[in-house]
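Below: one structure, written as structure tokens.
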Ligand SMILES: Cc1cc2nc3c(=O)[nH]c(=O)nc-3n(C[C@H](O)[C@H](O)[C@H](O)COP(=O)(O)OP(=O)(O)OC[C@H]3O[C@@H](n4cnc5c(N)ncnc54)[C@H](O)[C@@H]3O)c2cc1C
């Protein structure tokens, strides 16, 4: 039974209630509150910090490796593919403007894609590099892709014969970025309650948002829980996609600097200070990785460790300091879903594997859409 004080504080009516305290929920809240300073905004987050992708990700400020874009072009049309690239690129600029480069630990160290000489993906990329550069020049103003084989030795990789550099990509410190966004949301006047799970909602004159602790009413309700959306919305708008990661202990004289992709982006690694963070391998077991259970997949973890020892840090001393998994929201297509579902209910979900780039722009769009 709720106390008088609980009703008077937490359970009072709000203008906007948001389910999900990741980058999308928080940035939607910030932009909405900036637009409507007098309206109340409450973010409900099920976990102590954020239980989704926003605190688990690898911190790539990226918008597409050459082989990944070519793979996307085989199942989506050209306009869709480059429209999404443009959203990611503009999204990264928007993120940097919203929080500032210092606050997110932004470093323009470039992106790189690695290939072996027998790799048919490399031949495909080389054959179409001019085409990709033409498309990307329209978006970024630069011809971003260049062959950078001469830099392979500098990074100390083993078994890598070719490298394509993307000169417009960088990296962020995910921890710094998340904290800065939380701080900005609170400074802007957004209320954030953690440890509250939304269990459902009912729309009438107002929206009754049901939680494990009781119901909160709101004029508008935004569902921004990404890979967990089907739990509230049902259906198949999003499918959870788990991603495995690991990070090394500090490595002496680490040569690797930048954000690296292998195999159409299915593996990705980067330096974070003097460590390497490596993630991916979902394609090794798509079925098991379609889940919201945040557990380790030993087969994938073993393969990640092999890649780390044999390709990325051959002959170097290090241990694996930590391993974790995170949940992304995917779908049949890579487009995000940001829309009005009914009179008072909205959703901003399915940010896939490049949500750092997409989330703040989506948040801005939602703040425009929700009145
Ligand atoms: C391992 C990994 C690596 C990644 N690497 C990168 C990268 O390098 N670059 C990049 O751009 N993107 C990357 N991504 C993707 C990116 O992190 C996400 O797209 C982005 O963080 C999505 O933000 P979001 O706020 O939409 O969702 P989330 O961060 O998933 O937030 C959703 C929130 O909703 C909460 N929630 C769920 N259900 C409920 C409920 N019923 N009630 C209350 N709260 C609920 C969750 O706990 C969670 O905090 C990566 C993702 C993962 C998992």
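Residue 196 meets each of the listed conditions (1) touching a strand residue (DSSP E or B) at 6+ places or on another chain (Cβ under 6 Å); (2) modelled with pLDDT of 95 or more; (3) near the ligand (Cβ under 10 Å from one of its atoms) apart from (2).
With the structure loaded, tell me whether residue 53 is buried (at least 22 other Cβ atoms within 10 Å of the Cβ) and over 27 Å from residue 228 (Cβ atoms) or whether it fails that test. Against the criterion (buried (at least 22 other Cβ atoms within 10 Å of the Cβ) and over 27 Å from residue 228 (Cβ atoms)), residue 53 does not qualify. Of all residues in the stretch 209-229, those satisfying the criterion of being within 15 Å of the ligand (Cβ to nearest atom) and more than 18 Å from the chain's Cα centre (by Cα) are 209, 210, 211, 212, 213, 214, 215, 216, 218, 221, 222. Of all residues in the stretch 47-77, those being in a helix (DSSP H, G or I) and in contact (Cβ under 8 Å) with a residue 60 or more places away in the chain number 10. Residue 247 falls short on exactly one of the conditions (1) at pLDDT below 95; (2) within 12 Å of the ligand (Cβ to nearest atom), and that condition is (1).
Would you mention how many residues in the stretch 1-25 are in contact with a helix residue (DSSP H, G or I) (Cβ under 9 Å, 6 or more places away or on another chain) and either closer than 20 Å to residue 210 by Cα or more than 16 Å from the ligand (Cβ to nearest atom) (or both)? Of the residues in that region, 8 qualify.
The values are calculated or read from the model by the stated rules, or taken from the named source; none is laboratory data. If you're wondering where the values come from, they're calculated on a predicted model, not measured in any experiment. For neighbour counting, all protein chains shown are included, and Cβ atoms are generated from backbone atoms with ideal geometry for every residue, glycine included.
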